[in-house]
Amino acid sequence: MQNCLQEGYLDKISNDYIEEYFNRLDEELGTFKAISENINQPLSDYFNTMAKIIDIVWTDGDSLVGPGRGSGCGSLINYLLGITQLDPLRQELNMPFWRFLHPSRPELPDIDFDTEALKRNRILKAVTKYFNSIGSEVINVCTIGTIKTKSAIRTAGRSLGIDDVAVNYIVSLVPNERGNDWTLDQCMYGDVEHQRIGQFGAQMAEYPQLWNVAKRISGLVSNLSVHASGVLILNGSITEHNSVMKTSRKVMVTAWDLHDSEQMGALKYDFLTVQAIDKIR
């Protein structure tokens with residue numbers, strides 16, 4: 001990473017601000033060193049990999065890359081390596097570096113980047129080809145869909161032949177926070193963060209079979225699909241960390257979802273797409 005930083009510095013930084021940039025590099029490298037020692041793994045591995053991925057996207061992937069997103073834009077090292085295109089000191093991002101990485105949070109970073117939506121398949125093929133050539137494997141992450149509360153109530157209602165009007169009213173009583181339905185138990189009994197919904201309980205009392213069936217099917221796995229952006233890049237074989245399967249469209253994916261895959265030692269990279277970049281192209 002040292003040579004890449006030197007090249008990036010000579011290419012992008014004016015000598016008029018040597019002290020300011022050197023102080024910032026000293027701060028960031030000190031943070032990287034402290035975290036690396038804490039997790040017993042050099043952070044330079046991650047940043048070198050990210051820089052290589054971005055380079056592949058620009059070249060063999062033939063895609064424009066977004067200038068950067070999130071707290072990663074606050075890192076000068078990301079800018080010098082070409083991971084982001086925003087100089088955090090000159091652009092006055094008002095984003096302190098510690099939001100990106102801090103010794104009190106000893107973990108690998110998670111840098112997101114944006115590419116052209118229509119080039120996604122080409123990008124993944126190019127990235128896979130390169131990492132396969134150095135003995136690594138690349139694979140999409142699967143997502144496991146489950147039957148949510150509202151869907152469980154509707155499915156139970158249809159199976160029991162309950163009038164749609166009654167079922168739809170009960171469904172309307174189920175709150176949704178940040179895209180997630182409250183669970184049946186939260187609606188019925190409440191918990192530390194949720195107050196029980198009296199009208200929901202009264203309606204379920206009129207249809208006890210609806211409650212019993214909905215409880216049995218809520219949370220069951222209903223479908224498997226490919227994660228919208230998550231990709232794992234691993235040293236060696238994927239089967240050392242995970243199990244694999246194919247989707248109905250013959251796409252190879254992990255058999256475990258993202259959380260379980262990461263628990264088994266895998267590292268996720270987010271290949272995000274933004275249609276606005278296609279329009280710019």
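Check segment 121-138 and report whether any residue there is within 21 Å of the chain's Cα centre (by Cα), of a type outside the set (Lys, Arg), farther than 30 Å from residue 188 by Cα and assigned to a loop (DSSP other than H, G, I, E, B).
Looking for residues that are within 21 Å of the chain's Cα centre (by Cα), of a type outside the set (Lys, Arg), farther than 30 Å from residue 188 by Cα and assigned to a loop (DSSP other than H, G, I, E, B), one finds none in segment 121-138, hence no.
With (1) of a type in the set (Asp, Glu); (2) within 31 Å of the chain's Cα centre (by Cα); (3) exposed (fewer than 12 other Cβ atoms within 10 Å of the Cβ) as the list, and residue 164 as the residue in question, which single condition is left unmet?
Of (1) of a type in the set (Asp, Glu); (2) within 31 Å of the chain's Cα centre (by Cα); (3) exposed (fewer than 12 other Cβ atoms within 10 Å of the Cβ), only one is false for residue 164: (2).
Go through segment 55-74 and report how many residues are crowded, with 21+ Cβ neighbours inside 10 Å and out of contact with any helix residue (DSSP H, G or I) (no Cβ under 6 Å at 6 or more places or on another chain).
Initially, segment 55-74 is screened for residues crowded, with 21+ Cβ neighbours inside 10 Å, giving 57, 61, 63, 65, 68, 72-74.
Of the ones still in play, those that are also out of contact with any helix residue (DSSP H, G or I) (no Cβ under 6 Å at 6 or more places or on another chain) are 68, 73.
Residues that pass the stated criteria total 2.
Taking the options 186, 203, 275, name whichever one is surrounded by fewer than 15 Cβ atoms within 10 Å (Cβ to Cβ) and of a type outside the set (A, V, I, L, M).
Going through 186, 203, 275 in turn, just one is surrounded by fewer than 15 Cβ atoms within 10 Å (Cβ to Cβ) and of a type outside the set (A, V, I, L, M): 275.
Listed here are the residues, each with its yes/no results for (1) modelled with pLDDT of 95 or more; (2) among the β-branched types (Val, Ile, Thr); (3) open to solvent by 70 Å² or more (accessible area, probe 1.4 Å).
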{"residue": "198", "(1), (2), (3)": "no, no, no"}
{"residue": "209", "(1), (2), (3)": "yes, no, yes"}
{"residue": "215", "(1), (2), (3)": "yes, no, yes"}
{"residue": "236", "(1), (2), (3)": "no, no, no"}
{"residue": "239", "(1), (2), (3)": "no, yes, yes"}
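Take the residues in segment 94-117 that are open to solvent by 20 Å² or more (accessible area, probe 1.4 Å) and aliphatic (A, V, I, L, M); name whichever of them is nearest to residue 63 (Cα to Cα).
117
Exactly one condition in (1) within 20 Å of the chain's Cα centre (by Cα); (2) surrounded by 15 or more Cβ atoms within 10 Å (Cβ to Cβ); (3) modelled with pLDDT under 95; (4) not aliphatic (A, V, I, L, M) is not met by residue 28; state its number.
(1)
The values are calculated or read from the model by the stated rules, or taken from the named source; none is laboratory data. Every value quoted in this text rests on a predicted model; they were computed, and no experiment measured them. So basically every Cβ, Gly included, is an ideal-geometry build from the backbone, and we count neighbours across all protein chains shown. For the accessible areas, the whole protein counts, side chains as well, though only heavy atoms, and no ligand, DNA or RNA atoms are used. Shrake-Rupley method; radii C 1.70, N 1.55, O 1.52, S 1.80 Å.
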